[in-house]
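The values are calculated or read from the model by the stated rules, or taken from the named source; none is laboratory data. Values in this document were obtained by computation on a predicted structure and should not be read as measured data. Every residue, glycine as well, gets a Cβ built from its backbone with ideal geometry; the counts of neighbours run over all protein chains shown.
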């Protein structure tokens, strides 16, 4: 009942000592005098972050049983379920991504379900998405790609888009070459023109490298095919 806290255990013993009953107490009677301590969990300090990290890493490590345990620990400790829901959404985009795109939809749906039902029924939706995320194929390729793209954006400053993909609503813009040579991909055989969308003077960069897990395997096959077509068009 003291949850491993020796000082609290002494407090319980002192409470019993001061009860002053003449006959021994059975478990039911004992519960009238002692209240089980809530699990050690500080929602504002280290415990708060340690347990949410344990939940996230259990999902990343594809262990639904451990993930459910940490979810239960947090909810039992009084954590705000919507705080947990936000981390589950983050896990869906950071650790699963395009390997199972529905994970993001389900994580958002679990948040909405909890908003609608509240506790305790809504907690089942959180448990369901925890199991789904932990059991899903994993890929952080989008997460890695976005960070790389941000780095490139900072390094290249404010380069303009290439002229051939700029709109030309005025004669001056047309005279400057805006829109000239633009290929409308839907009118090209195969729906792929292979033209460049990077700024003029900036070499093509590869940020997104699919890992091939789950649904991302199909994405990888398409991107590899398009990459080969770009080479053939040169």
Open item on the list: Could you list, ordered by first residue, the pairs with Cβ atoms under 7 Å in which the first is in segment 49-67 and closer than 12 Å to residue 90 by Cβ and the second is assigned to a loop (DSSP other than H, G, I, E, B) and modelled with pLDDT of 95 or more, at least 6 apart or interchain?
Closed with: 60/138
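Can we say residue 4 is farther than 30 Å from residue 208 by Cβ, at pLDDT below 75 and outside the structural domain of residue 126 (by TED's automatic domain parsing)? Give the derivation first.
Working: farther than 30 Å from residue 208 by Cβ: yes; at pLDDT below 75: no; outside the structural domain of residue 126 (by TED's automatic domain parsing): yes.
Spelling it out, it is not the case that residue 4 is farther than 30 Å from residue 208 by Cβ, at pLDDT below 75 and outside the structural domain of residue 126 (by TED's automatic domain parsing).
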- [ ] Residues that are surrounded by 13 or more Cβ atoms within 10 Å (Cβ to Cβ) and at pLDDT 95 or above: find the helices (runs of 4 or more DSSP H) completely inside segment 12-86 holding 2 or more of those.
- [x] 46-60, 64-76
- [ ] Name the one entry in 180, 228 that is over 30 Å from residue 96 (Cβ atoms) and outside the structural domain of residue 56 (by TED's automatic domain parsing).
- [x] 180
Open item on the list: Quick check on my filter: what residues within segment 1-11 are part of a helix (DSSP H, G or I) and surrounded by 12 or more Cβ atoms within 10 Å (Cβ to Cβ)?
Closed with: 8, 9, 11
Task: Qualifying residue in segment 121-129 (condition: more than 16 Å from residue 88 (Cβ to Cβ) and without any contact (Cβ under 8 Å) to a residue 12 or more places away in the chain) - done: yes
- [ ] List the number of the failed condition for residue 98; all other conditions in (1) in contact (Cβ under 8 Å) with a residue 24 or more places away in the chain; (2) surrounded by fewer than 20 Cβ atoms within 10 Å (Cβ to Cβ); (3) assigned to a helix (DSSP H, G or I) hold.
- [x] (2)
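How many residues does segment 124-173 hold that are part of a loop (DSSP other than H, G, I, E, B) and either surrounded by fewer than 15 Cβ atoms within 10 Å (Cβ to Cβ) or over 30 Å from the mean Cα position of the chain (by Cα) (or both)?
Initial filter on segment 124-173 (part of a loop (DSSP other than H, G, I, E, B)): 136-140, 157-162, 166-170.
In the following step, the residues that additionally are either surrounded by fewer than 15 Cβ atoms within 10 Å (Cβ to Cβ) or over 30 Å from the mean Cα position of the chain (by Cα) (or both) were identified as 157-162, 166-170.
Qualifying residue count, segment 124-173: 11.
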Task: Sole residue being modelled with pLDDT of 90 or more and either touching a strand residue (DSSP E or B) at 6+ places or on another chain (Cβ under 9 Å) or closer than 22 Å to residue 74 by Cα (or both), chosen from 111, 151 - done: 111
